[in-house]
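Structure first, then comments.
A short reminder: the numbers here are calculations on the coordinates, not readings from a lab. Please read these numbers as outputs of a predicted model, since none were measured by experiment. Using ideal geometry, Cβ is built from the backbone for each residue, glycine included, and neighbour counts are taken over all protein chains shown.
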Amino acid sequence: MKKHELLAHAKPHYEEDRLLELESAIDYATEKHSGQKRKSGEPYIIHPLSVADILIDWGMDIDTVLAGVLHDTVEDTEATLAEIENLFGRDVAFLVDGVTKVSQARAGMRDLASYLPQTKDNLSKLLIAVGQDVRVIIIKLADRLHNMQTLQHMKPEKQVKISRESLEVFAPMADRIGMGRVRVQLEELAFSYLDPKEYRRLENLMRQRLGKSTRKLGIVRTEVEKSLKDQGIKAEINGRVKSIYSLHRKMKKVDGNIDDIYDLMALRIIVESKEDCYRVLGLLHTIYQPMIARIKDYISIPKPNGYQSLHTTVITPSKQIVEFQIRTYEMHEFAERGLAASFHYNEQKSSKDYTKHKGSATLPSHLQWISQLQEIADRLTTGEEIPQEQLNIDLFGNRIFVYSPKGDLYNLPEGALPLDFAYLVHSDIGLHAYGFKVNGSIHAFDKPLENGDVVEVITRKLPQAKRTWLSLTKTTHARNKLRSQLKRLGMLESMTHAAAIIRDKATRQKPNQK
């Protein structure tokens, strides 16, 4: 990637004055990185320019692209944040600072366990940087993607370390913000280095299978296109091939029998409206026999990262099993690019919808985790210790969606309990919770919620909180709110004081015991 290539790519998408800023940023970064080389022997500047090029592809705003060009200057050269702010503005400097802090927090990382360093200062830097502006994550993902694309120049042990980190940390991070295409790219590249023999075996197996089914699938596609046209439904149909890493994971679930995997290749139907999605679903079920257990409605109940689509698997008259994905153009854009699709080359300097929020429940459901990151970071900076297991639940665990009776959607970690929901809605609702109904039936305090549940909190006028509730919450958010309430009610101190008296008494008695 060279200067003129990047500017040519950027030209159709940004205002003329901002393009001049981009040219200036390229010149500044080129000067600062002068003399530095990559492992390939190429000038280092190729890397930040390639990162910026990826960010343009993803449709990011110009400040993010500028930060992409400059993202390594503070860490790797004598450039300062003050200098960058003076030349390119506060927002660009803020993003560069955020990416630098993420890099510092990752220092020495070998796997997921050490990715969350025991030193709370490094972890706080990571969480604050990510929690304050989601664009920091997006720049870091572009940085990681380009590094993975050029990993062949690194030593084998370094390849394994970087690939493991990409698979265990950055791919899940991409998934969390809905960037499905990036997640797949990172997984594929990482898997090819971590288990090259198995990667090649599955690649060959996939190639053999697709060779046999592509022609048959073409016949199905033609039939569907004709039926859609007859019904006056405007649609675009394309194929989707399962990734090698996804196949690897799926093979483990079916004891290595590829015949039990029905979605090696799927047909994706993209339409103009949500109503058309359901019309297409009905049409497919009229033409072909649906496999009822494999119908999934991610439009009514999106995945926790915001993904929306209808999935159905059908059996054709020739006994071929075919999976279809049905979505609108907007849903498809989000499925491919996630939160990056929200920027659309726009001048969203404040990025107000994706920066720090005071209450996680006020965010769109698939973004609530961003402010939860910030809350955890705030607690760490005050010196509070949070167990490693708790951090894994809050930050890297799988997520579920649950509904309030009014239809509001809330995002919780998998395994969350009813009190976690109550405190996410509002701390006062948690404080006064007397019982719970889930899907219309009484639900125990210690029974985990499931994706799609409708949760009703039964409250009483007087506070109901008890110290035993601390064992009936899973999230840091709920436990933090509950502890504050118990202290305010005088319950937590009294228990702590009583425990101290018991410990003190035991200590005094111990020397006399023989």
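Mind listing which chymotrypsin sites (Phe, Trp or Tyr not before Pro) in region 1-53 are in a DSSP loop and have 16 or fewer other Cβ atoms within 10 Å? Can you show the working numbers first?
Values: sites: Tyr14, Tyr28, Tyr44; in loops: Tyr14, Tyr44.
Filter output for region 1-53: empty list.
For Gly435, which sequence-distant residues (separation of 5 or more, or a different chain) have an amide H within less than 5 Å of its own amide H, given hydrogens modelled in the peptide plane?
Ile458
Could you please rank Leu19, Leu339, placing first whichever residue has the fewest other Cβ atoms within 10 Å of its Cβ? Spell out each step's value before the answer.
On the way: Leu19 15, Leu339 23.
Going from sparsest to densest Cβ surroundings: Leu19, Leu339.
Restricting to region 196-338, what percent of DSSP beta bridges are antiparallel, rounded to 5?
Counting only bridges with both partners in region 196-338, antiparallel ones make up about 75 percent.
Once the Cβ-Cβ distance between Lys197 and Lys39 is put in as r, and R0 is 25 Å, what FRET efficiency do you end up with, to the nearest 0.05? Show your work: numbers first, answer last.
Working: r = 24 Å, r/R0 = 0.97.
Computed FRET efficiency for Lys197 and Lys39: 0.55.
Give, in nm to one decimal, the length gained when the segment between Lys296 and Glu31 is fully stretched (0.36 nm per residue of separation minus the Cα-Cα distance). Intermediate values should be presented prior to the final figure.
Values: separation 265, 0.36 × 265 = 95.40 nm, distance 5.31 nm.
Once the chain is fully extended between Lys296 and Glu31, it gains 90.1 nm.
Please compute the length gained on full extension between Glu275 and Arg467, using 0.36 nm multiplied by the number of residues separating them and subtracting their Cα-Cα distance.
Working: separation 192, 0.36 × 192 = 69.12 nm, distance 4.88 nm.
My answer for the length gained is 64.2 nm.
May I ask you to sort Leu462, Leu22 by Cβ crowding, counting other Cβ atoms within 10 Å and putting the fewest first?
Numbers: Leu462 8, Leu22 23.
Fewest-to-most Cβ neighbours within 10 Å comes out as Leu462, Leu22.
Order by neighbour count: His33, His71, His153, fewest other Cβ atoms within 10 Å first, most last. Write out the running numbers ahead of the final one.
Working: His33 20, His71 29, His153 12.
Ordered from fewest to most neighbouring Cβ atoms within 10 Å, His33, His71, His153 come out as His153, His33, His71.
Of Lys242/Lys447; Lys303/Lys481; Lys37/Lys140, which pairs sit farther than 30 Å apart, going by alpha carbon to alpha carbon? Before the final figure, lay out each step's value.
On the way: Lys242/Lys447 35 Å; Lys303/Lys481 27 Å; Lys37/Lys140 20 Å.
Violating the 30 Å Cα-Cα cut-off are Lys242/Lys447.
So for the pair Thr80, Ala444, with labels modelled 7 Å out along Cα→Cβ, what separation do we get in nm?
6.2 nm
Order these peptides, 275-287, 231-243, 176-188, by their mean beta-carbon neighbour count within 10 angstrom, highest first. Write out the running numbers ahead of the final one.
Details: 275-287: 17.2, 231-243: 14.1, 176-188: 22.2.
Ranked by mean Cβ neighbours within 10 Å, highest first: 176-188, 275-287, 231-243.
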